[in-house]
1. Identify, from the list B:Leu51, B:Leu98, B:Leu120, the residue that is open to solvent by 10 Å² or more (accessible area, probe 1.4 Å), within 11 Å of chain A (Cβ to nearest Cβ) and not in a loop (DSSP other than H, G, I, E, B).
2. In this structure, does A:Ser314 turn out to be modelled with pLDDT of 90 or more and either under 30 Å from A:Val29 (Cβ atoms) or not hydrophobic (A, V, I, L, M, F, W, C) (or both)?
3. Kindly list the number of the only condition in (1) buried (at least 21 other Cβ atoms within 10 Å of the Cβ); (2) farther than 21 Å from B:Phe80 by Cβ; (3) out of contact with any helix residue (DSSP H, G or I) (no Cβ under 9 Å at 6 or more places or on another chain) that fails for B:Pro198.
4. Hey, does region B:21-44 have a residue that's open to solvent by 40 Å² or more (accessible area, probe 1.4 Å), part of a strand (DSSP E or B) and not hydrophobic (A, V, I, L, M, F, W, C)?
5. Check whether at least one residue in region A:320-333 is touching a residue at least 40 places away in the same chain (Cβ under 8 Å) and aromatic (Phe, Trp, Tyr), and report yes or no.
6. Just the residues that are on the phi < 0 side of the Ramachandran plot and in contact (Cβ under 8 Å) with a residue 60 or more places away in the chain, please, taken from region A:231-247.
7. Report, by residue number, each residue of region B:54-84 that is under 29 Å from B:Ile139 (Cβ atoms), more than 8 Å from every other protein chain (Cβ to nearest Cβ) and open to solvent by 40 Å² or more (accessible area, probe 1.4 Å).
8. Can you find even one residue in region A:158-167 that is surrounded by fewer than 15 Cβ atoms within 10 Å (Cβ to Cβ) and either more than 25 Å from A:Ile322 (Cα to Cα) or at pLDDT 90 or above (or both)?
Amino acid sequence: MSNSTTDRKQNYRDRKTAIILIGLGICLVILAIFSFLVGRFPISPDKVVGILASGIVPVDQFWTDQEAIIFFNVRLPRVLLAMLVGCSLSAAGAAYQGTFQNPLVSPDILGASQGAAFGAAVAILLGFASFGISVMAFSFAIVTVLLVIAVAQAARGNQVLTVVLAGVMISSLFSAGVSFTKLIADPSDQLPAITYWLMGSLTGAKPSDVTMVLPFMVVGLVTLFVLKWRINILTMGDEEAATMGVNTKALRLIIIIAATIVTAASVSVTGMIGWVGLVIPHLSRMLIGSDYRKLMPASMLMGACFLLLVDDVSRLATTAEIPIGILTAFIGAPFFLYLITREGKKR
Amino acid sequence: MSVKIENLSFAYGTHQVLKNISLEVGDGTLVNVLGPNGTGKSTLFRCILGLYTSYHGSIIVNGKDISKLNIRERAREMAFIPQSHKPVYDYDVVDVVLMSSGAGSGAFFSPKKAHVDRALDALERVGIGHLAHRPYTRISGGEQQLVLIARALAQNANTIIMDEPTSALDYGNTVRVLSCVRQLSTEGLTVIQSTHQPDQAFLYADKTLVLFEGEVLAYGSPKDAITAELISKIYGVEVEVNSLHDDRVRVCVPKIEIGR
């Protein structure tokens, strides 16, 4: 009897998980369609459907060429990028929070964002175009994290602690580097460009941005998705995980590299978008629980939804768009404070 | 022979922790390891579990030299039960037990129904099947320790190592956990556990290993190994060993309290 009760409970839980994940998927589709419509040049829903369908089946054109150009060159890349970046930052945040056994960790913990910022600032100083800036940002983000891993390997003691400490230190080093580039930047054009880049924005997303980051994000996201069960075991601590047959050092390294690749790819095209990677995994945990087999897909979907939503707000709120990096902080920081006080009340 | 250790030495840098330890533990034996703090109990366990690899000497578990096994193979021979602790994230009890399936068979591994069934069976075996879908952080410390024991059982290893499993538990939970361990050992599992209580070693052990300053001071049946002189020596407290119930049970009492 007890067995059948357990089975039923198990089924109920699986069904609840499936409903939440499907619900998030539906939200994402609705938000994506909505995001195609709104902006400074609204496109009506029937035209969006028509333009989309014309890519697959021949449709008589009932929209203007200008609308098609806006759709393919502005709106579509922007919507895709918002989803990809939201998904990547949330997945990376969830993965880092698991590997470092710390719920307050975000994707920039190992200095990927500061490294990218420094790379981008140097690229702006050197007068690179947007493609060059992205490449520099991406490369510096990767190099920064590799540096952190190398330092942590050389240091003795608790691996989790040394990686995080090395990350914080090297991150502050690059942060100082960014300040220095601002100091020597030309205040008439370079300085505002650096400042604007640091705010993080989806404005000006191009089709080439999407094709550039897509392969990196797919590789990183698939890796994190595949390893989601093992992250559970890693959260129990290295010694316990090792006695259960998990190679913790190798696993942690793979997770860090995958999470860094998706973070670096995101930051390289959008600049610094904070808080998504910290807040979304928490929200997902409240919704679906801590089990990474559910948390990872939920975080990915919710992150994509969240960034689409914030981007819509940024497009609609004012005529001069508010950079999305500012909006995520406006929403993220109060929420974070709420989390801390809620934790306090529970005790 | 479940565990066979020969001439095991281990040092942290220049600090020699284990000195030339040799011992054999037969199948289905419950061994208590007794010794003051910092005497090398945990280090010995970490060497046996393969967490520390820079030791000298040999450690054979179930006939296999553990230095020649990889992490996954070691997990098949031995399970580790740590002190119960609060994990950072809240998992359901059954999911904690499920972690015993570890890294599984390949890169894409995720636990299947067979693993879930094994986890639920393990929970039934230690008598807490009803807790399967409760959050792990919201059950008592004794229940958490039983969950960790169930996790070790679900790992299907013959040898279980426990590091002070009851040090944070109240009296009732201590008795429940140790009786459960005793029962498992009579069912054929080899259990090596450390403890701070000589009385526990009398009650819940086939053999007692006394470690002192990195060396084996005594190893044998509890009644032979634990003497008043030995307890006085390792803990620096004068005790008297008394027998109860026609010597079926023995207890240690500090002498200083008897004279009052």
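The values are calculated or read from the model by the stated rules, or taken from the named source; none is laboratory data. In this text, all values refer to a predicted model and were calculated from it rather than measured experimentally. Quick reminder, even Gly has a Cβ in these numbers, built from the backbone with ideal geometry, and neighbours come from all protein chains shown. These accessible areas exclude ligands, DNA and RNA; they are computed on the full protein's heavy atoms, side chains included. Shrake-Rupley method; radii C 1.70, N 1.55, O 1.52, S 1.80 Å.
1. None of the others qualify; the one that does is B:Leu120.
2. When the stated conditions are applied, A:Ser314 does not pass them.
3. (3)
4. yes
5. No: region A:320-333 contains no residue that is touching a residue at least 40 places away in the same chain (Cβ under 8 Å) and aromatic (Phe, Trp, Tyr).
6. The initial filter retains those residues of region A:231-247 that are on the phi < 0 side of the Ramachandran plot, namely A:231-236, A:238-244, A:246-247.
Those that are on the phi < 0 side of the Ramachandran plot and in contact (Cβ under 8 Å) with a residue 60 or more places away in the chain: A:Ile231, A:Asn232, A:Leu234, A:Thr235, A:Asp238.
7. Matches in region B:54-84: B:Gln83 only.
8. So in region A:158-167, the residues surrounded by fewer than 15 Cβ atoms within 10 Å (Cβ to Cβ) come out as A:158, A:161.
Subset that is either more than 25 Å from A:Ile322 (Cα to Cα) or at pLDDT 90 or above (or both): A:158, A:161.
Scanning region A:158-167 turns up at least one residue that is surrounded by fewer than 15 Cβ atoms within 10 Å (Cβ to Cβ) and either more than 25 Å from A:Ile322 (Cα to Cα) or at pLDDT 90 or above (or both).
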